[in-house]
Amino acid sequence: MLETVETLIAKLIDEVDYPHAAELFKKLSGGKRLRARLVLTIAPSEPTAPLLGAIVELIHAASLLHDDVIDEAQLRRGVPSVNATEGSKTAIMLGDILYSKAFSELTSFDPRIARSVAESVTRLSVGEMMDVGMAESFNTDRDLYLKMLYLKTATLIEACAYSAAILAGKDEQAYATYGKNLGLAFQIVDDILDITADEATLGKPSLNDFSEGKVTLPYIDLYDRLDAPLKERLVKSHAQVLDEDEKQWIRSQMDAFNIIEHSYSHARSLCDEAIGVIGDDAALRSIVESVIKRSH
């Protein structure tokens, strides 16, 4: 079924009728296609499920293009980003093309689905703006961080699960909760991997989020446990290019307080709640496990 999604994505891009956009899109790494997999798993026999999967993947790709411009990222999944090779203007416009095409196709769906996905993109944009603003200082507010995480990452995954449930005639609110928790857990694990994985696996320098000013859950938890002088040292490292000694110090402090284990525990609790609301569905349980156990 994912092959059908890939075929539809290529078809939608071709319909834009601008070869340069198609060439640039082909250079993008498809990633794990989590959002499309979720739609297909919840609504496996619905004829329009692959198209919905293709639409949400176009939206996700557009958000990443814009995200890379905002972060001035030179790499995306280990390869040069579009803004690095073609410039920020081209990356933004390609993202706009993907958003616009996705919204055009979305109009053919049940209005509840169209509204859910469209509103999730509004929330995603708000989350991105929050993320930029929060990076200006060392954020210690866990609830604010989790709210930003929901808006920036989980909301689109929530909309995918909700919309797929509508297609399949299932309990859309239960599946929306599953998608929300899955999305939160996915991003928390992503934040953990930025600290624990090596550069070759990440496709970018380790602890890059912190250097970019992002204070993720492990750093908030660590800050809460440090004494005043060490709190000050951690804050001074925020949004700085870190040398290996400073990276090692941060990791050693996280080891001392079992921070990574604590963050994983939070993600696991979210996953357990996600599974709890949708019953014993082996395929959806497998998606949860793939998120919590992934290494990149």
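Brief remarks on what is shown
- The packing ranking of peptides 128-138, 202-212, highest mean first, is 202-212, 128-138, where packing means the average number of other beta carbon atoms within 10 angstrom of each residue.
- Förster radius 30 Å - calculated FRET efficiency between Ala239 and Ser100, Cβ distance, rounded to 0.05: 0.35
- Inter-part distance where region 1-52 and region 203-254 are each reduced to a Cα centre, Å: 37 Å
- On Cα atoms only, tilt of 111-134 relative to the major axis of the chain in degrees: 20 degrees
- Degrees separating the helix 49-71 axis from the principal Cα axis of the chain, which is the longest one: 40 degrees
- Relative contact order [Cα under 8 Å, 6+ residues apart], region 214-296, whole percent: 30 percent
- Debye-formula intensities of the chain, expressed as log10 I(q)/I(0) at q = 0.09 Å⁻¹, are -0.44 (one equal scatterer per alpha-carbon, no solvent).
- Summary of packing: across the peptides 96-103, 112-119, 153-160, the per-residue average of other C-beta atoms within 10 Å ranks them, highest first, as 153-160, 96-103, 112-119.
- With the simple model of a label 7 Å out from the Cα in the direction of the Cβ, Lys89 to Asn258 spans 5.5 nm.
- Percentage relative contact order, the chain, counting C-alpha pairs under 8 Å, at least six apart: 17 percent
- Helix-only mean residue ellipticity at 222 nm for the chain, each DSSP H run of n ≥ 4 adding -39500 (n - 2.57), per residue, nearest 500: -23500 deg cm²/dmol
- In region 44-100, GluC sites (Glu not before Pro) in a DSSP loop with at most 16 other beta-carbon atoms within 10 Å: Glu72
- C-alpha center-to-center spacing [region 160-186, region 86-140] in angstrom: 19 Å
- Debye intensity ratio I(q)/I(0), log10, region 1-148, q values 0.11, 0.12, 0.16, 0.22 Å⁻¹ (C-alpha model): -0.46, -0.54, -0.93, -1.44
- Gain on full extension, evaluated as 0.36 nm per residue between Asp224 and Gln248 minus their Cα-Cα distance, stands at 6.7 nm.
All of the numbers you see were taken from the coordinates with simple rules; none came from a lab. As the structure is a prediction and not an experimental result, all values here were calculated from the model. Glycine gets a Cβ as well: all are built from the backbone with ideal geometry, and neighbour counts include every protein chain shown.
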